[in-house]
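Contents: one structure, followed by commentary.
The values are calculated or read from the model by the stated rules, or taken from the named source; none is laboratory data. Predicted model only: the values in this text are computed from it and were never measured. Methodologically, a virtual Cβ is constructed for each residue, glycine included, from the backbone with ideal geometry; neighbour enumeration extends over all protein chains shown.
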Amino acid sequence: MSGAWHIALTDSGDGVIERRAPPRFRAAWTTGLEDLTALEGLFWTDEGHGEEDAITLHGFRFEGPPPDQAAFEALLREAVAALDEWIARRL
């Protein structure tokens, strides 16, 4: 995983991912497809290989303006790859 990413679980068990290289942002993350209706605002889901594999990023806070749509989607695919690697190391 690139040093650009910091991934953690808070004391309450919520997932947080930060990109520490431009474009810098912070977002919450969750796995699975249950309870997505409870999320407020913009969210983005990578369905992975099935419902349990899905990763949803939400609550985005960008440092500066967010990238355009194509760059945003590429950035989130990179974030999901970093999360996949982080999760796999903990199994």
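Summary of values
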{"read-out": "Residues located in region 41-66, provided they are out of contact with any Ser or Thr (no Cβ under 7 Å at 6 or more places or on another chain), in a loop (DSSP other than H, G, I, E, B) and modelled with pLDDT under 95", "value": "Gly41, Leu42, Glu47, Gly48, His49, Gly50, Gly64, Pro65, Pro66"}
{"read-out": "Conditions (1) at pLDDT 95 or above; (2) exposed (fewer than 11 other Cβ atoms within 10 Å of the Cβ); (3) of a type in the set (A, V, I, L, M); (4) outside any helix (DSSP H, G or I); number of the one not met by Leu91", "value": "(1)"}
{"read-out": "Enumeration of residues in region 1-33 that are of a type in the set (A, V, I, L, M) and surrounded by 13 or more Cβ atoms within 10 Å (Cβ to Cβ)", "value": "Met1, Ala4, Ile7, Val16, Ile17, Ala27, Ala28, Leu33"}
{"read-out": "Residue under evaluation Asp53, criteria (1) more than 15 Å from His6 (Cβ to Cβ); (2) surrounded by 15 or more Cβ atoms within 10 Å (Cβ to Cβ); (3) touching a helix residue (DSSP H, G or I) at 6+ places or on another chain (Cβ under 9 Å), criterion not met", "value": "(2)"}
{"read-out": "Any hit, region 29-44, residues being of a type in the set (Ser, Thr, Tyr), under 11 Å from Val80 (Cα atoms) and touching a residue at least 40 places away in the same chain (Cβ under 8 Å)", "value": "yes"}
{"read-out": "Residue that is farthest from Glu78 (Cα to Cα) [pool: residues in region 1-27 that are in contact with a Phe, Trp or Tyr (Cβ under 9 Å, 6 or more places away or on another chain) and not in a strand (DSSP E or B)]", "value": "Asp14"}
